[in-house]
Structures are given as C-alpha cells and as structure tokens.
Amino acid sequence: DYNVSINGEIYLPEIGLFSVKGLTTMEIKTLLQEKYKDYLINPIIEVWVSGYRPLNIYISGEVNRPGLYQLKYGPNNEEREFYKTQTNFNSLIDNQNSKSNLSSQTKPRLFDALQQVDGLTNKADLSNIQVTRKNSIPLGGGTVKANINLLKLLKNGDQSQNITLFDGDFIFIPASQNVMLDQIVDINRTNLNPRLIQVFVTGNVPRPGSTTL
C-alpha cells in the first residue's frame, strides 16, 4: 500500500516521488509501466484503490443549508461479491490484502448529497440541477458542467440521474420562476427532505416560540 500525500504524490521504489493527482488508475498503470522499464524486464503492474478518502463537495442555491459537505464511501457486501467474481486478480487481492476494499464501498451520489442540506426551498428547480466538476488532466483539465433532471428519479425511478459524485464537485440548485406545486408534493413524499422542521410562532398565542412540526 502507498499513501497519497496532500500534494497528490506517492513514493515508490527506484523512481521516488510519483504524482497521481488527477489521474485514473488505468492512466497511473500505463505511466508506471513505462517508468519501470528502466529497472525491470517486462514489468507487470496493477493499480487499484485500497481505501477512499471522504469527498469534499459544495452545495449552493435553493437549499436550506448551503455550504461545504463531506461524503464518505460506505460498505456494500453485494457489490463486493460482484467484483470478486469478475477476475482471478480481484479475488487474489481480497485474499491477500484485507485493506483492498474498493469493491466493498458504495460511491456517494447526488441524492446522498442533497439529503445533507436540511431540505430544499419551495423555489428549487430539480429539473435543472447544475453540477460542475474538475476535468481530468489527460482530457484537457479545466472544468466541465452538466445539467441533471432529478425529477426523473423522483417520478420514474430513473437512476441514471443519480450520478456518482467526485471530489471537488460543485452542485447548484437554481430557482424556478414559478413555484411548482407538483414538484413540492413529489419532494415531500420522499426522504429527500427532513422528517421534521422548525417554525417560530409569535403574536397572540398561548405558547409563542420555536415549534417542531
């Protein structure tokens, strides 16, 4: 196991510091095979993730608590069993290295992130959620944007709209020009919004103050 530093580097035998920042595991594998040709005859190198760090994402727009959030990877035994049957190599990893839990961790998704913001406002337009992501270096760097229609998930169970999130993603929930009553009903029927809300009652009432509904 090689830990990735805060600068996105790992320290490897013979070649020393090697930057993996912004690279996929396949890209890292290809680069290492070239570098190790100076030290090994026909090097055979495999690269996998033995553990994920939490994702840092920022959520803004029509949400009750905009801000920076951390999402963690979680265990999934069914997913682990699926990956273990794919290749002998993965089975070998699981047998020899208990830390290699790539196949046992579910990836945070858009719906998971929106559950952290204590609910959405009545103006939230879930049909046009904007996700901005850092583009990988081999693909040109910079950022890429996508518009997601989460209403398709709420109405029809379309899981393709519940995209996997990456570290550094920026999620923006725009405001709709009109309050969409059908959307409000759909949202309140799901576990996207919290079960309880806090309201403040004042005036000529026996018990003024904060109340949980």
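The values are calculated or read from the model by the stated rules, or taken from the named source; none is laboratory data. A quick note: this is a predicted structure, and the numbers were derived from the prediction, not measured. Note that we place each Cβ from the backbone using ideal geometry, even for glycine, and neighbour counts take in every protein chain shown. Surface accessibility is based on the protein's heavy atoms, side chains included, excluding ligands, DNA and RNA. Shrake-Rupley method; radii C 1.70, N 1.55, O 1.52, S 1.80 Å.
Data for the structure
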quantity	calculated
Extension gain from Ser210 to Val144, taking 0.36 nm per residue of separation minus the Cα-Cα distance	19.5 nm
Spin-label pair Met26/Arg53, simplified geometry with 7 Å Cα→Cβ offset, distance in nm	2.5
Separation in nanometres of the label points that stand 7 Å from Cα toward Cβ, at Lys107 and Thr132	2.2
Fully extended contour minus Cα-Cα distance, from Val199 to Val185, at 0.36 nm per residue	3.1 nm
The range 1-58-the range 173-213 distance, computed between alpha-carbon centres (Å)	48
Distance in nm between pseudo-label sites at Lys155 and Ser19 (7 Å out along the Cβ direction from Cα)	4.6
Solvent-accessible surface ranking, highest first, for Arg195, Arg207 at 1.4 angstrom	Arg195, Arg207
Trypsin sites (Lys or Arg not before Pro) lying in DSSP loop within the range 110-189, provided at most 11 other Cβ fall within 10 Å	Arg189
Accessible area expressed per residue, the range 29-69, with surrounding protein chains retained (probe 1.4 Å, Å²)	68
